[in-house]
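Just below is one structure, and these are the notes that go with it.
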Amino acid sequence: MPSEHWKDKPEDEDFPAAQSFLSLLVGPDTAAKLAKALRKQKLLVHFAAKDILRASGLPLLDANDSEVSSDLEKINHGEKLSPVLLVYGVPLWVADGYHRVCVSYHLDEKESVPCRIVSRPS
């Protein structure tokens, strides 16, 4: 179950952000397909923040990072964060929500992070 600081679904603006990032990895056409698949994927799965960071190979951002500290403030004021958008593979791609994963880690590294996840095209 998502904790009290997670929304049930991503924000609309999360998908263009994911597409923009993914276009750097796979080009605009494949990125558009992945973003569309993430939008259509309604199932939320949950992973520990530490596992997302390990699988992605991304470093933990400091709590003083501007985006991380901003999201921590939002939580302190009762606001909820969007689920994370992921793409399966080695490494795992955090298409949108890297800062939110780091926020969750700072709160509790074992915190269950809600995610939408899709497979890479073959």
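Computed from the coordinates by the stated procedures, all read-outs in this text should not be read as laboratory data. Worth saying up front: this structure is predicted, and the values here are computed from it rather than measured. FYI the Cβ positions are ideal-geometry reconstructions off the backbone, even for glycines, and counts take in every protein chain you see.
Exceedance of the 22 Å cut-off in Cα-Cα distance is limited, within the set Lys7/Lys50; Lys7/Lys42; Lys33/Lys80; Lys42/Lys80; Lys9/Lys33, to Lys33/Lys80.
Where both partners of a DSSP beta bridge lie in the chain, what percent of those bridges are antiparallel, to the nearest 5? Within the chain, antiparallel bridges account for around 60 percent of the total.
The sum of -39500 (n - 2.57) across all DSSP H runs of n ≥ 4, divided by the residue count of the chain, sets its helix-only mean residue ellipticity at 222 nm to -13500 deg cm²/dmol.
Each Lys and Arg Cβ is given +1 and each Asp and Glu Cβ -1; about its Cα centre, the range 1-96 then shows a dipole of about 560 debye. Taking a sphere under 14 Å around the Cβ of Ser56 and counting the other residues whose Cβ falls inside, with K and R at +1 and D and E at -1, yields a net charge of +2. One Cα centroid belongs to the range 81-122, the other to the range 12-55; the line between them spans 9 Å. When peptides 89-101, 20-32 are ranked by their average number of other Cβ atoms within 10 Å per residue, the highest-first order is 89-101, 20-32.
Excluding Glu73 itself, what net charge comes from residues whose Cβ is under 12 Å from its Cβ, given Lys and Arg +1 and Asp and Glu -1? Mind dumping the intermediate values first?
Numbers: positive: Lys74; negative: Glu67, Asp71, Glu79.
Every neighbour counted, the sum reads -2.
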